[in-house]
Each structure stands twice: as C-alpha cells, then as structure tokens.
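Right, one structure below, let's go through it.
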Amino acid sequence: MAYKITLIPGDGIGPEVSEATVRILAATGVAIEWERVELSAPIIEQFGTSLPPHVLESVERTGVGLKGPVTTPVAGGFKSVNVAIRKQLDLFANVRPVFTLPGLKTRFQDVKIDMVIFRENTEDLYSGLEHEVVKDVVESLKIITRFASMRIAEYAFAYARKNGRKKVTAVHKANIMKLSDGLFIRCCREVASVYPDVAYNELIVDNASMQLVMRPETFDVLLLPNLYGDIVSDLAAGLVGGLGVVPGANMGEKHAVFEAVHGSAPDIAGKGLANPTALMSSAILMLRHLGERTAADRLQSAIAATYREGTHLTSDVGGRAGTNEFTDAVIRHLG
Ligand code: NAI
C-alpha cells in the first residue's frame with residue numbers, strides 16, 4: 001500500500017528541489033501517493049492567513065508532510081508560514097542532523113563533523129507577542145515554559161539514548177536571562193539526571209558558537225531554545241557545506257513535517273541551479289520516520305557516492321551541474 005504524504009513544494013526554488021526529491025523517492029521504489037498543496041505568498045495573501053485551511057487539513061489527514069521553502073516578507077506582511085505550521089500542528093521539536101558529506105570541499109573537511117541539533121520549536125521569542133509600548137519603543141516577549149522545555153529535553157535525551165549518542169550539550173544565556181533561560185536549563189538538568197548513560201554539559205550560546213567553529217568535531221547532540229537553535233543550526237550548516245546540504249524535521253506527537261533548512265533563494269529561483277541535497281536528505285529522515293530503513297540507507301549512500309564522485313555537483317558547492325543533472329547522478333548511484 002502506498003504512503004499518503006502531503007507535498008508542499010512552496011515557492012522560489014521550492015518547486016525545483018521538490019520535483020527532484022519526488023523523482024529520487026520514486027527511484028527508491030517506495031510507493032508514495034502525494035497529496036500536493038500549493039503554498040506561496042500570493043496564495044497566503046488570497047486566503048489572508050499564513051496557513052490556509054487546505055494545507056493544515058492535508059497534513060492533519062496524512063500525518064506526514066514534505067515541504068519546500070516559502071518566502072516570508074521582512075518587517076511587515078504576513079507571518080511566517082513555518083512558524084504557523086509548527087504552532088498549529090504542535091511540531092515541538094526541530095531536528096537538524098549536521099554531518100560531513102564525503103568529498104564535499106568545506107573549510108572543515110579535515111575533521112569529521114557529526115552532530116544532531118534539537119531546537120525547541122513553539123515558544124521563546126517566536127511567540128509573536130510584540131507591541132509598541134510608546135512611539136519608538138517596542139517590546140517582544142520571550143516565553144519559556146517548563147512544559148515545552150521538558151518536552152524538548154526529553155525528546156533530545158531519548159533520541160541520544162536510542163541512537164547511541166554519547167553527549168548532550170544544552171545551550172543557553174542563563175547568566176543574563178536568569179529567569180527564562182534559567183528555567184530552560186533547570187529542565188535540561190532535570191531530564192539529564194534520569195539519563196545517567198548520556199553525558200551532559202552546558203555552554204553559554206556565545207561560547208558555544210565559538211567552540212562550534214574551533215572544535216566542531218567535539219559536539220554530539222545540541223539542545224537549544226528556539227532562537228539560539230535557529231541561529232546556531234545555520235552556523236552548524238555552514239561547517240559542512242551550507243544551507244544547500246542540511247536536512248531538517250519538525251516533529252510532533254501526531255504529525256511530522258520534513259523540510260530543508262534553507263529558504264526560497266529568490267536569487268537563483270527558476271534557473272535550475274538549486275541544490276536539492278537538503279530536501280533529499282530531509283526525505284531520508286522522512287523515510288526513517290516511516291520505517292523505510294533500507295530505502296533511506298540506499299538513498300544516503302547514493303548521495304554520498306555522488307559527492308565522492310564530485311562530477312555532478314551544483315554551483316553552491318563548487319560544481320557546475322544543475323538541479324536535474326545532480327538528481328540524475330543520484331538516481332544512477334541508486335543502482
Ligand atoms: P535562503 O536560504 O533562501 O538563501 C541564502 C543563500 O543561500 C542565497 O544566496 C541562496 O541562493 C543560497 N541557497 C539557499 N538554498 C540553496 C540551495 N538549495 N541551493 C543553492 N543555493 C542555495 O535565505 P534568505 O535569502 O535569507 O531567504 C529567502 C526567503 O526564504 C525569505 O523570504 C525567507 O523568509 C524564506 N525562508 C523560508 C524558509 C522556509 O520556508 N523553510 C527558511 C528560511 C528562509
């Protein structure tokens with residue numbers, strides 16, 4: 001029986017990388033019946049909401065979504081679609097594996113980087129609670145709750161134990177935000193105490209950023225509140241080749257949406273230049289979520305082989321191939 005999965009191609013380079021990913025998934029032989037839902041700035045404006053009902057209903061029905069990027073206007077306009085999806089479906093854990101791709105030239109190619117970042121996805125400064133107190137004075141509220149902090153910490157530690165990871169590093173700024181980040185870190189400690197088999201340490205976010213650049217190979221699992229998670233995970237993506245290659249998953253109790261870390265890249269949209277690795281790698285996380293381990297491993301090996309071969313890479317990672325040529329090469333390596 002085919003899996004029913006919602007496909008949200010998004011806009012910008014979204015449709016290009018989505019099409020490439022649908023092609024390689026078809027080549028794995030896993031039967032998927034896609035429920036395609038369109039989501040882009042004009043559609044959002046037409047419906048007057050970041051998350052039109054047909055999109056939400058589809059993911060609620062299928063339980064699993066694969067999503068391309070959607071453009072969000074800066075300083076005004078509608079609110080972020082991604083934030084809306086995560087909130088509405090209670091996708092509380094943002095999971096981003098960051099690892100060295102063999103053969104990909106990066107500034108850190110001499111060290112083996114292999115970390116998984118867990119970012120709390122529902123609160124913090126993303127609560128959207130902003131207001132102008134008086135003219136030219138604006139207040140944004142940072143919300144941290146015991147419920148959400150315990151939930152993400154438990155998720156990260158459970159993942160670490162299940163996947164043989166050795167250490168969880170919680171990242172915070174509790175020396176300054178003593179109450180909010182203080183609560184987050186107390187929750188992390190509480191959860192750590194029931195996982196004696198997983199080592200635990202804490203780093204202040206500025207120090208963590210420096211250590212990630214100086215000694216990225218020493219990190220294993222990172223556990224962060226929403227805003228630091230957003231920033232630090234892009235920093236980590238830069239260590240292994242950039243936004244074009246890093247996958248992501250938004251996990252909830254009932255639903256999961258898999259998406260690349262990068263945005264809609266308007267500068268290269270429609271030119272057939274986009275690197276689909278990030279969305280393909282997100283699809284690998286999706287296959288694992290569905291229990292399709294063999295297909296996931298095959299696809300992972302095919303992408304690695306394409307990078308090792310090095311002749312069909314896209315321009316963002318130093319190659320000259322377009323989206324389609326890269327995709328054809330991955331399919332060839334699938335055998
Ligand atoms: P971006 O990730 O779209 O682009 C940053 C740079 O990386 C650009 O030079 C772009 O060409 C390059 N790049 C990104 N993905 C690439 C890929 N797959 N292959 C090759 N090059 C790639 O970030 P930017 O410019 O800050 O955001 C553009 C729009 O995307 C904004 O409206 C933003 O709000 C939205 N966005 C959406 C996300 C989502 O839907 N998940 C996530 C991040 C941003």
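The values are calculated or read from the model by the stated rules, or taken from the named source; none is laboratory data. Just so it is clear, the model here is predicted, and its values are computed rather than measured. For neighbour counting, all protein chains shown are included, and Cβ atoms are generated from backbone atoms with ideal geometry for every residue, glycine included. The protein model used for the area step is the full one, side chains on, heavy atoms only, and it has no ligands, DNA or RNA in it. Shrake-Rupley method; radii C 1.70, N 1.55, O 1.52, S 1.80 Å.
Here are some notes:
- Relative intensity of the range 282-332 on a log10 scale, I(q)/I(0) at q = 0.16, 0.18, 0.26, 0.32 Å⁻¹, equals -0.48, -0.58, -0.92, -1.11, per a Debye sum over C-alpha point scatterers of equal strength in the absence of solvent.
- Taking the Cα centre of the chain as origin and assigning +1 to Lys and Arg Cβ atoms and -1 to Asp and Glu Cβ atoms, the resulting dipole is close to 900 debye.
- Among VAL261, VAL205, VAL246, the residue with the largest mean-square fluctuation in a Gaussian network model of the chain, with springs joining Cα atoms closer than 10 Å, is VAL205.
- Whole-number percent relative contact order across the chain, with pairs defined as alpha carbons under 8 Å at least 6 apart: 22 percent
- Charged-residue dipole, Cβ positions (Lys, Arg, Asp, Glu), the range 107-239 about Cα centre, Debye nearest 20: 540 debye
- Antiparallel beta bridges, as assigned by DSSP with both residues in the chain, represent about 40 percent of the total such bridges.
- Inter-part distance where the range 27-79 and the range 203-278 are each reduced to a Cα centre, Å: 20 Å
- The range 86-222: Lys pairs at Cα distance under 23 angstrom, eight or more positions apart or on different chains: 6
- Principal semi-axes in Å for the chain [√(5λ), Cα gyration tensor, largest first]: 30, 25, 20
- The sum of -39500 (n - 2.57) across all DSSP H runs of n ≥ 4, divided by the residue count of the chain, sets its helix-only mean residue ellipticity at 222 nm to -13000 deg cm²/dmol.
- At the listed q of 0.17, 0.23, 0.24, 0.29 Å⁻¹, the Debye profile of the range 78-139, built from one uniform point per Cα, gives log10 I(q)/I(0) equal to -0.76, -0.93, -0.97, -1.17.
- Prolate/oblate/rounded label for the range 1-113 (Cα gyration tensor, a/c 1.5): oblate
- For the pair the range 4-26 and the range 310-326, the centres of their Cα atoms are 18 angstrom apart.
- With DNA, RNA and ligands ignored, accessible area of LEU334 (1.4 Å probe; Å², nearest 10): 20 Å²
- Length-normalised contact order for the range 24-111 - Cα pairs under 8 Å, 6+ apart - percent: 24 percent
- Solvent-accessible surface of the range 107-239, averaged per residue with a 1.4 angstrom probe and all protein chains in place: 50 square angstrom.
- When the Gaussian network model of the chain links Cα atoms closer than 10 Å, the mean-square fluctuations of VAL30, VAL171, VAL191 top out at VAL30.
- For the chain, built as a Gaussian network whose Cα springs stay under 10 Å, the top-fluctuating residue of MET286, MET115, MET177: MET177
- Length gained when the stretch GLU253-ARG293 is fully extended (0.36 nm per residue, less Cα-Cα span): 12.3 nm
- Tail beyond 22 Å, pair distance distribution of the range 107-239 (Cα, percent): 38 percent
- Mean separation of Cα pairs under 8 Å and 6 or more residues apart, divided by the residue count, gives the range 107-239 a relative contact order of 37 percent.
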